[in-house]
Amino acid sequence: MSKSDLSKGATLLGLVAILFWSTSVGVTRSTIEFLGRTGAPAVLFTVSALLLLPTRTSLRELPRRYLWLGAALFVGYELCFVLALGFARTRHEAIEVGMVNYLWPSLTVLCSAIADRKRLNALMLAGLGLAFIGVITASSPAEGLSLSRFFHNAASNPLSYGLAFIGAIVWALYSTCTKHMAQGKNALWFFMALSAVGFWIVHAFNAERATMNWSTHVVIQVALASAAVTLAYLLWNIGVLRGNIHVLGLAANGTPLMSALFASVLLSAPLPIIFWAGAALVAVGSLIAGVGLRSARASA
């Protein structure tokens, strides 16, 4: 098989990863409803770490900075993202909080520009601003854009919205830093295992932890959710390392829309038209910011 064919195959796997990633809000929230906000992720990441055992790499082969800084950022993101979904009071709010998390592509552009010592241009700033407007739009009533409604929602549940926003920043830092430090190595299994340990610790100290309601249905759901999470990270890693990163970056901009679609179906939570408009603005904002970054790099 030629190098070109391998690259196309890796790119295709990366595109499949985006589909799996888009299910994360829906499958995670639905599992939380059965196993609790701390128990569900502890179980999910434990199963995912076990599924990734065949891919594990000797820790001695991994760059030290990537290993420890990458681990801290990865685990920090997962804690923020999953707990944000767990603390959401309703399914609709969980989808809304998930949209806040999808500010990370635009924030990644910001972090990348700073890391590359590039000046922020009009496209980057416009894209970032549009993404933020999209998040506000997604939380607005059907009558139209409402900044006050967004701040009211965030103020009524600051932990959930705050964790989602912090998670977006942390993942942007992870995406920027690990690219420079990984040196082509993969510590995904280690990161997953640490995330599982982190969630079990949080679960152990959670005085309000819910009882895990196990059934055949829940076991099947955990298996499917863990497989989706594992494949999303595994296939994305292959796509980024060996595929066409520009194609994958372009496709990833559509994740907010796909995530909202999957979450709406999986959680049986119909979304108003204004939410879809907000999700589209987040996606378009990410795309514009990415174009701005590529323009800045090309003119260097």
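Filtered by the rule that a residue be surrounded by fewer than 19 Cβ atoms within 10 Å (Cβ to Cβ) and on the phi < 0 side of the Ramachandran plot, segment 179-193 gives Lys179, His180, Met181, Lys185. Apart from one condition, Ser286 fits all of (1) touching a residue at least 24 places away in the same chain (Cβ under 8 Å); (2) over 15 Å from the mean Cα position of the chain (by Cα); the exception is (2). What is the residue count in segment 52-99 for residues that are over 17 Å from Gly26 (Cα atoms) and not polar (S, T, N, Q)? Within segment 52-99, residues that are over 17 Å from Gly26 (Cα atoms) and not polar (S, T, N, Q) number 23.
Of all the criteria given as (1) surrounded by fewer than 18 Cβ atoms within 10 Å (Cβ to Cβ); (2) aliphatic (A, V, I, L, M); (3) farther than 30 Å from Ile136 by Cα, the one not satisfied by Leu231 is (1). Select from segment 194-211 the residues that are at pLDDT below 90 and within 17 Å of Leu85 (Cα to Cα) and write down the one among them that is surrounded by the fewest Cβ atoms within 10 Å (Cβ to Cβ). Looking at residues that are at pLDDT below 90 and within 17 Å of Leu85 (Cα to Cα), I get Glu208. Evaluation of Val27 against the conditions (1) surrounded by fewer than 20 Cβ atoms within 10 Å (Cβ to Cβ); (2) within 19 Å of Ile95 (Cβ to Cβ) shows that the sole unmet condition is (1).
Considering only residues in segment 140-160 that are more than 23 Å from the chain's Cα centre (by Cα) and surrounded by 13 or more Cβ atoms within 10 Å (Cβ to Cβ), the one that is farthest from Ala298 (Cα to Cα) turns out to be Arg149.
Apart from one condition, Ala131 fits all of (1) part of a loop (DSSP other than H, G, I, E, B); (2) surrounded by 19 or more Cβ atoms within 10 Å (Cβ to Cβ); the exception is (1).
What residue, among those in segment 58-79 that are aromatic (Phe, Trp, Tyr) and touching a residue at least 24 places away in the same chain (Cβ under 8 Å), is nearest to Arg209 (Cα to Cα)? Selected residue: Tyr77.
Only one entry in Thr38, Thr137, Thr55, Thr108 is in contact (Cβ under 8 Å) with a residue 60 or more places away in the chain and surrounded by fewer than 19 Cβ atoms within 10 Å (Cβ to Cβ), namely Thr55. The condition of being in contact (Cβ under 8 Å) with a residue 12 or more places away in the chain and more than 18 Å from Leu50 (Cβ to Cβ) holds for only one of Thr216, Thr176, that being Thr176. Among the residues here, Ala10 does not qualify as modelled with pLDDT of 90 or more and over 12 Å from the mean Cα position of the chain (by Cα). The single condition among (1) free of Cβ contacts under 8 Å to residues at least 40 places away in the same chain; (2) part of a loop (DSSP other than H, G, I, E, B); (3) hydroxyl-bearing (Ser, Thr, Tyr) that Ser148 does not satisfy is (2). Look at segment 257-277: where a residue is acidic (Asp, Glu), no partner that is assigned to a helix (DSSP H, G or I) sits 6+ places away or on another chain with Cβ atoms under 8 Å.
Looking only at segment 175-198, decide whether some residue is in contact with a helix residue (DSSP H, G or I) (Cβ under 9 Å, 6 or more places away or on another chain), more than 26 Å from Trp236 (Cβ to Cβ) and among the charged types (D, E, K, R). No, that holds for no residue.
The values are calculated or read from the model by the stated rules, or taken from the named source; none is laboratory data. Quick caveat: nothing in here was measured; it's all calculated off a predicted structure. With ideal geometry, Cβ positions are generated from the backbone for all residues, glycine too; neighbour counts draw on all protein chains shown.
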